[in-house]
Amino acid sequence: LKPSFINGGVIRNFGSGYKIGSDEIFVAEVDESDGSIALFNPSIAVLNGIELDHKSMEELNQLFGDFVTRADIAVQNFDNENVKILNKNPAR
C-alpha cells in the first residue's frame with residue numbers, strides 16, 4: 001500500500017525517520033513521553049507494549065487506554081502483560 005510514515009528515529013532501510021508515500025494512508029509512531037499521544041485520534045491504533053519508561057504506570061495506563069479508546073479500531077498485543085492488564089482494569 002506504500003503508506004507515508006513518520007517514526008521517532010531513523011529507520012536504517014530508509015535512511016531517515018519518514019517516507020512520503022501514499023496520500024491515503026499515513027502511519028505515525030506516537031510517543032507518551034511528552035503526552036502528545038493524547039492529541040491523536042487514530043483510525044487504527046496499534047499498541048505493541050506498555051513498559052515503565054517516561055511516566056508512572058498509572059499515567060501510562062491512562063494515556064494508552066485513552067488512545068485505544070479514541071481509535072475506530074484497536075490492535076493490541078496481549079502477549080505484553082501490561083497491555084493485557086490495561087484491558088482488564090482500564091484506568092479511564
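Derivation of every value follows stated rules applied to the coordinates shown; laboratory data play no part. Nothing here was measured: the structure is a model prediction, and the numbers come from that model. Virtual Cβ from ideal backbone geometry, glycine too; neighbours counted across all protein chains shown.
Karplus-based coupling profile of the stretch 4-9, in residue order and whole Hz: 6, 8, 9, 10, x, x, with θ = phi - 60° in 6.51 cos²θ - 1.76 cosθ + 1.60 and x standing for Gly or Pro. Computed about the Cα centre, the dipole magnitude for the chain is approximately 220 debye when only Lys and Arg (+1) and Asp and Glu (-1) carry charge, each at its Cβ. Can you list the lysines whose alpha carbon sits under 17 Å from that of LYS2, skipping same-chain ones fewer than 8 residues off? Candidates past the 8-residue exclusion: LYS19. Convex hull of alpha carbon positions in the stretch 17-70: directionally averaged projected area 4.3 nm².
Relative to the longest principal axis of the Cα atoms of the chain, the long axis of helix 57-70 lies at roughly 60 degrees. Antiparallel beta bridges, as assigned by DSSP with both residues in the chain, represent about 25 percent of the total such bridges. Amide H to amide H, with H built 1.01 Å from N, GLY21 comes under 5 Å of SER4, PHE5, counting only residues 5 or more places away or on other chains.
Report the percentage of all Cα-Cα pairs in the chain whose separation exceeds 23 Å, rounded to a whole percent. The calculated P(r) of the chain puts 28 percent of pairs beyond 23 Å.
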